[in-house]
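Read the structure below first, then the notes.
The values are calculated or read from the model by the stated rules, or taken from the named source; none is laboratory data. Everything quoted here is computed from the prediction, not taken from an experiment. Positions of Cβ are generated from backbone atoms using ideal geometry, with glycine treated the same way; all protein chains shown enter the neighbour counts.
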Amino acid sequence: MKQEQSTTLPTVFNGSLRIEGRGERLTADAGVIALRELDERLGFNDWLAERIIDPRDPRLITHPLVELLRARLYLMAQGRRDQDDCDNLRADAACRLAVSTRRGLSPIEDDPAPFTPAGLASQPTQSRLIETLSSSTNLKALSQAPFELARRSFHARPGRKERLHVIDIDSVPITVHGEQEGSEYNGYYKTRCYHPLVTMLGSTGDWLSAELRPGNVHTADGVTDHLMSVIERVEREIGGVASVRGDAGFPEDELLSSLEERRIGYAFRLKTNAVLSRMAERYLTRPPGRPPAEPRVWCYEMDYKAEPWTRTRRIVLVVLERPEKLFLDSFFLLTNWSQKQIAGVDLLDFYRERGTMESHLGELKSVLAPALSCTSRPKSHVRGKKPKKLSEPRDAEQANAATFLLFALAYNLANMLRRLISKACPRPNGSGWSLDSVRRDLLAVAGRLVSSGRRLTLVLTATTAALWSRLWLALRSLRPVSEISVDSS
């Protein structure tokens, strides 16, 4: 980049200190380089770009589709959710290098050839990308992308891999601040939202699917067809499915019967009702004597047939002591495993592991903070002026569905980096790496690009460089994408 006149700012508290702004290749988002390195080894964005139909005239394209996808996903993984961030970071040298299809120093040249990017795409270009992705054909291809990225991440790992898998299923409210098409008021969450249905691979925490639904639909709406299609693909491309976990919104007879026909185990929580409350009443008395220091847990075996069910099923009453609480707590678990196959206490431990999925969903909302704000309302003003021609209204619900899928993909990228760095550099306190710590300590880090001849060097702080050196060893251990079956479509 061209050298700009430096700006010097004096400080009062220490006369020896000056603050300078220079036109150097500085970045606060050096982590995009790590994301591109991971992406390159998985070959994911190239796979996705090949399946998206680009309606633009090839003779007039400045920003290739794969560069638009990379820019959007890498910035989302960094916690930069707004399209305006592409404008703000348009001249960032690290971002330009990370998204570019070109090699050498050409991605950061200021005077490129015609129809060659001179930086990241602008916000209007990114907005048109969402319109492109929201077409019915492209949205169908994009909906397969979270599974494909999860599949590549799974097979790229070195060493022995799980042969049987657990699928976690859940729904998550995505609050909107407007009246976007498809969003509705949800009485349970007491907010206007979308209510997506999501599935995750239990062994990795990667998203397998994400289906945007109106905000007022029931938790289990469409779950049977959705889950069965995910199971079929997992069994075809990743491995066998041993079991499914979910919360109390999912145990409907159609889903339970479908899992039983496939001989897939399940563990769901049950909503308490009057019948279940009467069944549990006799077990909710605390035993005589002084309670021990550690809270106790009791599990009781029962059979139960809800009115809509076609058969009687096994349920387990879980009774728990809570510190500082006078009365006992309780809830029911539903399973198709027999007591001989899994005892009640072990079933409880197995079900509690789905708390990992809930924490992953919490990280999505707190760290990536998906904003689904697309509307069909055309702009009345562009840069303060009325446009000569109003744009055609778009399908806002499909545009928001495409945006939500991009957030799922960004999560999978960041989650794989989390797994790699967790194995390569465990936290000393044993707490593990959260998605926020990955973003803060590994991705959203400062750096300076130094050019020498035809070489570029990214200079990092010593602390960051030590982390990256371990991460790079983990990246090198991944199986090359050429060794991974990539026939899925």
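For this structure, a couple of remarks:
- Any hit, the range 144-156, residues being crowded, with 21+ Cβ neighbours inside 10 Å and in a strand (DSSP E or B): no
Here is a yes/no grid of residues against (1) crowded, with 23+ Cβ neighbours inside 10 Å; (2) more than 18 Å from Thr125 (Cβ to Cβ); (3) of a type in the set (Gly, Ala, Ser):
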| residue | (1), (2), (3) |
| --- | --- |
| Glu37 | no, yes, no |
| Arg41 | no, yes, no |
| Ile53 | no, no, no |
| Tyr74 | yes, no, no |
| Arg81 | no, no, no |
| Arg103 | no, yes, no |
| Asp111 | no, yes, no |
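- Within the range 442-479, being farther than 30 Å from Glu109 by Cβ and not in a helix (DSSP H, G or I) holds for Ser477, Leu478, Arg479.
- Qualifying residue in the range 236-244 (condition: in contact with a helix residue (DSSP H, G or I) (Cβ under 8 Å, 6 or more places away or on another chain), in a helix (DSSP H, G or I) and surrounded by fewer than 21 Cβ atoms within 10 Å (Cβ to Cβ)): yes
- Given (1) aliphatic (A, V, I, L, M); (2) touching a helix residue (DSSP H, G or I) at 6+ places or on another chain (Cβ under 6 Å); (3) surrounded by fewer than 17 Cβ atoms within 10 Å (Cβ to Cβ), number of the condition Val297 does not satisfy: (2)
- Elements of type helices (runs of 4 or more DSSP H) in the range 1-101, at least 1 residues being without any contact (Cβ under 8 Å) to a residue 12 or more places away in the chain: 31-42, 44-51, 84-88
- Flag if Ala446 is surrounded by fewer than 19 Cβ atoms within 10 Å (Cβ to Cβ), aliphatic (A, V, I, L, M) and modelled with pLDDT under 95: yes
- Where a residue in the range 222-239 is under 15 Å from Arg151 (Cα atoms) and its partner, wherever it lies, is of a type in the set (Phe, Trp, Tyr), with Cβ under 9 Å and at least six apart: Val230/Phe147; Arg233/Phe147; Val234/Phe147; Glu237/Phe147; Ile238/Phe147; Ile238/Phe154; Gly239/Phe154
- Some residue of the range 276-296 being of a type in the set (Phe, Trp, Tyr), closer than 21 Å to Gln339 by Cα, in contact (Cβ under 8 Å) with a residue 24 or more places away in the chain and in a strand (DSSP E or B): no
- Some residue of the range 347-359 being under 30 Å from Arg72 (Cβ atoms) and among the small types (Gly, Ala, Ser): yes
- Members of the range 171-196 found to be small (Gly, Ala, Ser), over 21 Å from Ser209 (Cβ atoms) and in contact (Cβ under 8 Å) with a residue 40 or more places away in the chain, listed by number: Gly178
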